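Enquirer: Next up is a structure, given as structure tokens.
The values are calculated or read from the model by the stated rules, or taken from the named source; none is laboratory data. Note that the coordinates shown come from a computational prediction; the quantities given were computed from them, not determined experimentally. Counting neighbours? That spans all protein chains shown, and the Cβs are built from the backbone with ideal geometry, glycine included. Each accessible area value is taken on the protein alone, full model and side chains, heavy atoms only, with ligands, DNA and RNA left out. Shrake-Rupley method; radii C 1.70, N 1.55, O 1.52, S 1.80 Å.
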Amino acid sequence: MKKRIISGTITLALASTLVFSPPALLPAGAASFKDTKSHWAKQAVEESYALDLMKGYPGNVFKPEDPISRLEAIAIIIRGMGLESQALNMDYKNSGVTLPKGMTWGQGHLVLSTQKGLLHKDYVSQLMYNNPITRQEVAALVAVALQDKLKVKGDPAKLTFADADKITTTYRPYVADVSQNDIMQGQGSNEFGPNDIMKRGQMAALMVKTAVNGWFDYGSDRIIEGTLAGIDKTTGIATLNKSDGTQMPRLVGSDTVYYRGTSETTGDDFSAGEKVLAIVGSDAKIRYLEAVEGTSAGGSTGTSTETQLTGKIVMTGSSSLRIRDIGYSEQTYPLSTGVTVNTGTGAGTLTSLTNGQFVTVNLRNSEIYNIRVLSSEMAEGEITSIYSGYFTVETSSGISKSFTVQANDIKIIDGAGQLSFNSLKTGDWVKVASVGGEAREITRTDSSGSGNFTSREAEIRGVDSFYGFITLRDTNGNRKEYEVDIQADIEKGNDSVRLEDLDIGEEISFEVGSDGKIDEIIALGSEVSSATGKVTNLQTGSSPRIYVDSNRYEVDRNADITKDGDDIELEDIMIGAEVTVKMDEDDMVTKIIINDDEDVIVEGTVTEVDEGSDEITIEQDSGLEFTLSVKSSCTFRDTSSSSYNVEELDDIRNGWEVKLYLDSGKVKEIRVTDT
């Protein structure tokens with residue numbers, strides 16, 4: 001049997017990850033969804049709806065925190081490629097592609113995805129299409145969809161994410177493509193979160209970014225960027241001037257959504273001369289209108305310099321305002337003659353301003369000429385998740401609130417000092433002042449009194465398997481609720497189980513990932529035995545055995561064998577790999593985990609050398625063959641007693657015994673031990 005250590009197809013990887021979640025359908029919806037009002041992705045959701053990229057659910061909800069299924073993600077990307085009509089009219093029954101059983105929609109999207117190279121048709125039938133899709137899987141689909149438009153070819157060696165080692169080998173080139181072209185970026189703490197489930201709000205933000213920035217062709221005829229000439233309230237027509245001078249009159253309606261930068265506003269807040277971005281629906285009406293951040297109402301005034309800033313009033317005066325920005329820097333700005341004040345409900349005066357209010361001010365030549373008071377909210381609670389652009393807080397009443405954040409600019413108040421946003425971690429107790437869902441002021445305080453866990457061992461006090469939460473109590477009586485990652489490794493004995501298989505009262509050990517979710521649970525007292533070490537021999541066939549550090553173990557024919565969370569076969573294991581084996585009460589191996597087979601030393605007999613492809617094939621004592629890629633910088637040494645001059649791959653002969661030193665799965669050194 002010959003095994004090739006090369007990247008597999010995307011479809012096979014998508015098909016082999018067994019996680020379970022009800023599918024999220026794509027029924028029609030409406031803008032201004034009820035459940036996105038305080039969600040970090042509210043604006044992106046509005047834009048995606050305006051573009052018809054993603055819709056909502058009955059009841060006027062979007063469910064931004066729900067996972068995206070694989071089929072939904074594929075369908076949305078096909079739509080982004082401008083191929084929706086083609087997918088819907090696809091004669092999938094005569095396409096020659098075998099589809100998964102039980103599909104009720106999306107058949108044409110899957111067939112088209114094979115034709116466009118997103119999926120491999122030979123494996124589509126195995127696709128777990130209703131299961132949630134991970135971030136690295138989305139990265140792969142997007143990278144392939146945009147392969148002809150990428151400005152730079154991603155280099156996996158240049159991935160700088162803190163969790164780059166967790167990105168499955170198959171997906172590393174694709175993650176490099178999308179991250180190094182600024183299509184997808186990391187989450188909190190410089191982590192990409194490759195195995196995190198992609199949520200609907202995240203998918204909306206990604207697809208809007210690709211559409212507005214021109215990566216996907218979809219929506220290019222519906223996105224208008226230019227200058228607002230004016231909005232006629234009588235006729236309901238907004239006129240936009242494009243940069244080439246073309247006038248674009250378009251209707252606005254009662255369902256048009258208005259934004260100024262990242263803050264939702266009304267049509268009355270717009271003035272002629274502002275730079276705007278408009279999204280027009282299929283009915284030619286403006287569904288979404290945004291005043292681009294950094295421009296000001298009133299248009300151009302000759303050579304004057306105009307800017308806009310948002311901050312908190314720390315001192316009012318008759319001739320100036322002192323404003324603190326999110327970086328906690330304060331500056332006093334003079335007020336121009338005739339300065340106007342908008343309180344949010346109508347015109348106001350300077351006397352209506354008070355210290356502590358959040359405002360957006362427009363400045364001309366460093367003088368404030370317009371002040372808009374912003375509506376702010378306060379929330380206090382425990383941070384449950386942190387990402388690069390947003391975070392979530394759970395209040396003492398159990399309400400979860402998400403906030404966007406300018407992570408690079410904001411300063412965190414901690415006692416008398418200030419910290420960077422990266423200093424925050426899950427479990428921190430914070431007070432958040434927000435405007436339109438964006439955190440403008442964050443203060444870290446002492447714990448709520450619920451107690452901090454002192455160890456990673458606890459008793460189960462509650463299990464919510466539907467939503468994926470578990471309540472734990474430690475030895476000091478502290479109680480804490482955790483979200484359990486959908487791909488968490490949960491074990492009882494040596495069996496992999498589901499969250500619902502855990503019982504109240506059980507003692508467990510657990511590990512929490514950087515995103516604050518539990519990613520490993522082991523029921524204490526249920527382990528039998530395990531061993532970790534190097535594979536020194538392997539026997540397959542009817543009586544499988546594995547030798548770890550020369551100790552022999554019988555392998556159950558139904559043993560669970562995994563690498564990087566993916567299922568593999570016993571025949572995929574190389575002698576020399578680092579593994580952990582777990583045994584049942586009969587000392588039979590029921591689980592094998594490959595810890596490392598990419599930075600190890602393997603030995604065998606050369607059976608083939610392909611200099612053109614820079615590959616070498618060896619047969620090991622197990623009788624299995626493995627083909628490995630050889631680095632261009634590979635070094636060669638002859639430690640045998642032969643007189644051969646071994647300087648390059650072409651000098652290696654079949655039948656020779658060799659040691660191969662691997663680096664990230666590729667051969668960096670070949671030592672000939674016997675000729």
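Enquirer: Given 508, 538, 524, which one lies farthest toward the positive end of the charge dipole of region 501-545, if we put +1 on the Cβ of every Lys and Arg and -1 on the Cβ of every Asp and Glu?
Expert: Checked the options; the winner is 538.
Enquirer: Given the pairs 563/631; 425/666; 166/480; 199/425; 582/631; 42/431, which span a C-alpha to C-alpha distance of over 29 angstrom in this model?
Expert: Going by Cα-Cα distance, 425/666; 582/631 fall outside the 29 Å limit.
Enquirer: Got a sec? What order do 492, 63 fall in by accessible area at 1.4 Å, biggest, i.e. largest, first?
Expert: Solvent-accessible surface, decreasing: 63, 492.
Enquirer: Nearest 500 deg cm²/dmol is fine: what mean residue ellipticity at 222 nm does the chain get from its DSSP H runs of n ≥ 4 alone, each adding -39,500 (n - 2.57), divided by its residue count?
Expert: When only DSSP H runs of four or more count, the value is -3000 deg cm²/dmol.
Enquirer: If each residue of separation counts as 0.36 nm, what is the full-extension length gain between residue 160 and residue 330 once their alpha-carbon separation is subtracted?
Expert: 57.7 nm
Enquirer: Here's a follow-up. Distance between Cα centroids, region 36-95 to region 651-668: provide it in whole Å.
Expert: Measuring centre to centre over Cα atoms gives 48 Å.
Enquirer: Still on this structure, I have one more. Let me have the relative contact order for the chain, percent, based on Cα pairs under 8 Å that are six or more residues apart.
Expert: 9
Enquirer: Something else about it: Among 365-374, 536-545, how do they line up by average Cβ neighbours within 10 Å per residue, starting with the highest?
Expert: 365-374, 536-545
Enquirer: Could you report the chain's accessible area per residue, 1.4 Å probe, as an integer in Å²?
Expert: Counting only protein heavy atoms, the per-residue value for the chain is 46 Å².
Enquirer: Let me see the P(r) profile for the chain: every Cα-Cα distance counted, bins of 20 Å, each bin given as a percent of all pairs.
Expert: 15, 42, 31, 11, 1
Enquirer: Follow-up. Could you tell me what percent of the accessible area of the chain is made up of carbon and sulfur, with a 1.4 Å probe and every protein chain present?
Expert: 44
Enquirer: How do the peptides 586-594, 190-198, 242-250, 65-73 rank, highest first, by the average count of neighbouring beta carbon atoms within 10 Å per residue?
Expert: Highest mean packing first, the order is 65-73, 190-198, 586-594, 242-250.
Enquirer: Could you order 656, 105 so the one with the most accessible surface comes first? Probe is 1.4 Å.
Expert: The ordering from most to least exposed comes out as 105, 656.
Enquirer: If you don't mind, there's one more thing I want to ask. Name the long-range amide H neighbours of residue 374: under 5 Å, sequence gap of 5 or more, or other chain; modelled H, no Pro or chain starts.
Expert: The answer is 358, 359, 360.
Enquirer: Right, here's the next one. Using the Cα centre of region 586-675 as origin and beta-carbon charges of +1 (Lys, Arg) and -1 (Asp, Glu), tell me which of 589, 643, 602 is placed farthest towards the positive end of the dipole.
Expert: Comparing the listed Cα positions along the dipole, 643 ranks first.
Enquirer: Taking all protein chains together and a probe of 1.4 Å, list 547, 259 from the most accessible to the least accessible.
Expert: 547, 259
Enquirer: Name the residues whose placed amide hydrogens come within less than 5 Å of the amide hydrogen of residue 568, ignoring near sequence neighbours (fewer than 5 apart) on the same chain.
Expert: Here the answer is 561, 562, 563, since their amide H atoms fall under 5 Å of that of residue 568.
Enquirer: With +1 on each Lys and Arg Cβ and -1 on each Asp and Glu Cβ, and nothing else charged, work out how big the dipole of region 460-509 is about its Cα centre, in Debye to the nearest 20.
Expert: 240
Enquirer: Starting at 0 and stepping by 5 Å, how many percent of the alpha carbon pairs of region 45-145 end up in each bin?
Expert: The percentages, shortest bin first, are 2, 12, 23, 26, 20, 11, 5, 1.
Enquirer: Arranged from highest to lowest average of other beta-carbon atoms within 10 Å per residue, in what order do the peptides 637-649, 663-675 appear?
Expert: 663-675, 637-649
Enquirer: Find, among the GluC sites (Glu not before Pro) in region 595-642, those assigned to loop by DSSP (not H, G, I, E, B) with at most 14 other beta-carbon atoms within 10 angstrom.
Expert: 611
Enquirer: Now a separate question. Applying the Karplus parametrisation 6.51 cos²θ - 1.76 cosθ + 1.60 with θ = phi - 60° to the phi angles of region 192-197, what ³J(HN,Hα) value in whole Hz is obtained for each residue in order, glycine and proline being reported as x?
Expert: Working through the residues one at a time gives 7, x, x, 9, 6, 6 Hz.
Enquirer: Calculate one ³J(HN,Hα) per residue across region 496-506 by plugging θ = phi - 60° into the Karplus curve 6.51 cos²θ - 1.76 cosθ + 1.60, and present them in order as whole Hz with x for glycine and proline.
Expert: Using θ = phi - 60°, the values come out as 7, 10, 9, 4, 5, 7, 7, 10, 4, x, 5 Hz.
Enquirer: Only four residue types carry charge here, +1 at the Cβ of Lys and Arg and -1 at the Cβ of Asp and Glu. Report the dipole size of the chain about the Cα centre in Debye, rounded to the nearest 20.
Expert: The calculation lands at about 3260 debye.
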